[in-house]
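Report on the structure given below.
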Amino acid sequence: MVCLGVGLFAGQRIDSDSWSALGEWLGATGTAAAVVAALYIANREADASRNRAIAEARERNERALAERLALQRRGIVEAREREERAREEARELEERARADALEREQREAEAARQQGIRDASLVLGEVEAPPFDPQNISPEWWMVMKNYASHPAVQPRLETFLHPAGGTTDWTFDDPAGMFEDYRVPDHLAPSGGEERLPVDVSYKPPLDPEQARRWLPVPIFSYTDLQGRRWRRIGTSLPVEVDPRDTSLLSGPDWYQAVHPGVAR
């Protein structure tokens with residue numbers, strides 16, 4: 001019994017020491033585990049922080065790249081817009097220049113036309129009655145063309161006469177005294193007062209009544225070409241009108257009048 005008690009006592013002492021050592025070991029193990037856990041957590045946090053930093057850096061890079069791309073696209077769009085505006089401005093300038101040139105040409109053409117009319121108005125055609133002739137050897141009328149312009153009136157031509165009632169007229173070369181047997185239609189009227197006198201007799205269809213015959217002085221319709229090649233027609237003292245030189249109506253008048261000057265209005 002005594003031995004058993006001693007053994008139990010010794011065993012108790014050994015268990016107490018072992019348990020004490022075990023406690024210390026377990027404490028050290030717990031501390032180590034806590035350190036390991038702390039290191040693991042620290043590593044996890046470091047990894048997470050590093051991953052966050054990498055993600056943020058990647059996001060910043062992507063954002064910066066997106067901004068650069070957006071700026072590049074904006075720059076491309078703005079450059080295209082500038083180019084389009086420049087092209088539009090160039091088109092507008094070109095159209096304005098064309099419009100200005102056309103307007104200038106129209107103004108110059110109108111000024112030239114008005115000047116042509118003014119010059120053409122200086123070529124006159126009128127009918128004069130000869131003085132009373134008891135011997136009846138004077139023509140019925142004198143058709144007188146005068147040129148007061150500073151340039152010749154080329155190919156002057158008496159076409160016909162105006163009928164006061166809208167009918168037709170005929171005229172003939174009227175030379176009772178035979179004074180104009182060698183008459184030729186003039187090629188031009190000299191400038192600054194050049195004159196041509198043509199003896200004519202005018203007949204009207206329908207005939208004029210006595211009152212009209214007493215009051216009506218024949219109104220000539222005549223034409224000529226200026227130095228610019230423009231053909232002008234004038235009815236009495238009305239404003240001259242530019243006509244097509246190919247107009248065959250310019251060939252009106254007696255056959256002999258056309259024959260002696262075949263080149264007119266052709």
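Sort Glu140, Glu105 by Cβ crowding within 10 Å, fewest neighbours at the top.
Lowest to highest Cβ neighbour count: Glu105, Glu140.
Count the net charge of all other residues whose Cβ sits under 13 Å from the Cβ of Ile54, scoring Lys and Arg as +1 and Asp and Glu as -1.
So the surrounding residues net to 0.
Which trypsin sites (Lys or Arg not before Pro) from the range 146-238 combine a DSSP loop assignment with at most 13 other Cβ atoms within 10 Å?
For trypsin sites (Lys or Arg not before Pro) across the range 146-238 that sit outside H, G, I, E and B with at most 13 neighbouring Cβ atoms in 10 Å, the list reads Arg184.
Taking the beta-carbon count within 10 Å as an exposure proxy, list Thr237, Thr172 from fewest neighbours to most.
Listing Thr237, Thr172 from fewest to most nearby Cβ atoms yields Thr237, Thr172.
Taking only the alpha-carbon atoms of the range 173-233, what semi-axes of the equivalent ellipsoid follow from 5 times the gyration tensor eigenvalues under a square root, in whole Å, largest first?
28, 19, 10
Of all trypsin sites (Lys or Arg not before Pro) in the range 68-140, which ones are in loop regions per DSSP and have a Cβ with at most 15 other Cβ atoms within 10 Å?
In loop regions of the range 68-140 (DSSP not H, G, I, E or B), there are no sparsely surrounded trypsin sites (Lys or Arg not before Pro).
Determine the distance separating the Cα centre of the range 115-174 from the Cα centre of the range 46-77; give it in Å without decimals.
One Cα centre to the other: 98 Å.
Taken together, the values in this text are just the output of simple stated rules run on the coordinates, not laboratory data. Source: prediction; values computed, not measured. Don't worry about glycine lacking a Cβ; one is built from the backbone with ideal geometry, like all the others, and counts go over all protein chains shown.
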